[in-house]
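FYI, it's all coordinate maths here, none of it is from the lab. Please read these numbers as outputs of a predicted model, since none were measured by experiment. With ideal geometry, Cβ positions are generated from the backbone for all residues, glycine too; neighbour counts draw on all protein chains shown.
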């Protein structure tokens, strides 16, 4: 039987022979422009909208462990953004703000949005160029990859979306591009998704759309405050599952072509 202690060294040598390391591929600023949604690097003018979303008990109803007792102010949202920027600089995360152009806001949502929630058009600079947001747009959430482990080629995917935009396909599109970047660009092997038992929407999406099942349940792993804990339901999708079925199935659900 081979010495198991040799395995990490062999894996590292093999990866080095392929050229770039996973951590070398993590950009400082990245974005995606899609027909349904845009993923932009977080910026200061997103803070107020993110504070509102993080303070909304409906949007955060399945993420109680991420809420603050007094909600989020724009200043607290800004501090969070700067902290996550540092984590991205350290190659530990990939952060996006999820935005939707005004003309693409679903018709049944339009009347629920105040005019002052729209931000003006802008050019957003990213590592490999820029994205032009050529009309007013609204911040609807955040997503990305966290806990990036370059050596073991693993990460977790996460998303928080304004409750007004649930069941519009926006969450699916944002997760699609986050996971796609992880597998196609960062060359990850596995991406986890953490949720709770009560989050039937996320569990159903992971099981029925991605076609993967819960890997394990960590008992009382998430602290809600006031001495209360909830279980963490942990899913995982592997690169061969993504390339074998899940990506194509998700593209079909989103009606993507090409």
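Please arrange 196, 206 by how many other C-beta atoms lie within 10 Å of their C-beta, fewest to most. Mind dumping the intermediate values first?
Details: 196 20, 206 23.
Going from sparsest to densest Cβ surroundings: 196, 206.
Peptides 61-73, 23-35, 104-116, 143-155: what's the order by average Cβ count within 10 Å, highest mean first?
On the way: 61-73: 14.4, 23-35: 16.2, 104-116: 11.8, 143-155: 20.1.
Ranking the peptides 61-73, 23-35, 104-116, 143-155 by packing returns 143-155, 23-35, 61-73, 104-116.
Apply the a/c threshold of 1.5 to the C-alpha gyration tensor of segment 21-253 and tell me whether it is rounded, prolate or oblate.
Values: a/c = 1.34, a/b = 1.13, b/c = 1.18.
Judged from the Cα gyration tensor, segment 21-253 comes out rounded (a/c under 1.5).
Which value at 222 nm does the chain reach when only helices count, each DSSP H run of 4 or more adding -39,500 (n - 2.57), with the total divided by all residues and rounded to the nearest 500 deg cm²/dmol? Mind showing how you got there, number by number?
Numbers: 7 runs with 64 residues, N = 258.
One gets -7000 deg cm²/dmol as the mean residue ellipticity at 222 nm.
Would you mind computing, in nm to one decimal, how far apart the modelled labels at residue 115 and residue 220 are, each placed 7 Å from Cα along Cα→Cβ?
5.4 nm
Rounded to the nearest Å, what's the spacing between the alpha carbon centres of segment 77-121 and segment 138-199? Just the number, please.
14 Å
Compute the FRET efficiency between residue 24 and residue 123 as 1/(1 + (r/R0)^6), taking r as their Cβ-Cβ distance and R0 = 30 Å, and round to the nearest 0.05.
Numbers: r = 27 Å, r/R0 = 0.90.
Computed FRET efficiency for residue 24 and residue 123: 0.65.
Run the numbers on segment 24-89 and let me know its relative contact order in percent, using alpha-carbon pairs under 8 Å that are six or more apart. Present the calculation step by step, with values, prior to reporting the outcome.
On the way: 48 pairs, mean separation 20.8, N = 66.
Reported as a whole number, the value is 32 percent.
Give the order of 37, 209 when sorted by the count of other beta carbons within 10 angstrom, beginning with the fewest. Please list the in-between numbers first.
Values: 37 28, 209 17.
Starting with the residue having the fewest Cβ neighbours, the order is 209, 37.
State, as an integer percentage, the relative contact order of segment 92-243 based on alpha-carbon contacts under 8 Å between residues 6 or more apart. It would help to have the intermediate numbers written out before the result.
Numbers: 247 pairs, mean separation 27.5, N = 152.
Value for segment 92-243: 18 percent.
Contact order normalised by length for the chain, with contacts defined as Cα pairs under 8 Å and 6 or more residues apart; what percent is it? If you can, show how the numbers build up before the last one.
Working: 413 pairs, mean separation 44.1, N = 258.
Once divided by the residue count of the chain, the mean separation gives 17 percent.
Counting other C-beta atoms within 10 Å, which of 236, 58 has the fewest, and how do the rest follow?
Numbers: 236 19, 58 11.
In increasing order of surrounding Cβ atoms, one gets 58, 236.
Peptides 74-83, 160-169: what's the order by average Cβ count within 10 Å, highest mean first?
Packing proxy ranking, top to bottom: 160-169, 74-83.
At a 10 angstrom cut-off on C-beta neighbours, averaged per residue, how do the peptides 213-219, 178-184 rank from highest to lowest? Write down the numbers at each step before the final one.
Values: 213-219: 11.1, 178-184: 20.7.
Packing proxy ranking, top to bottom: 178-184, 213-219.
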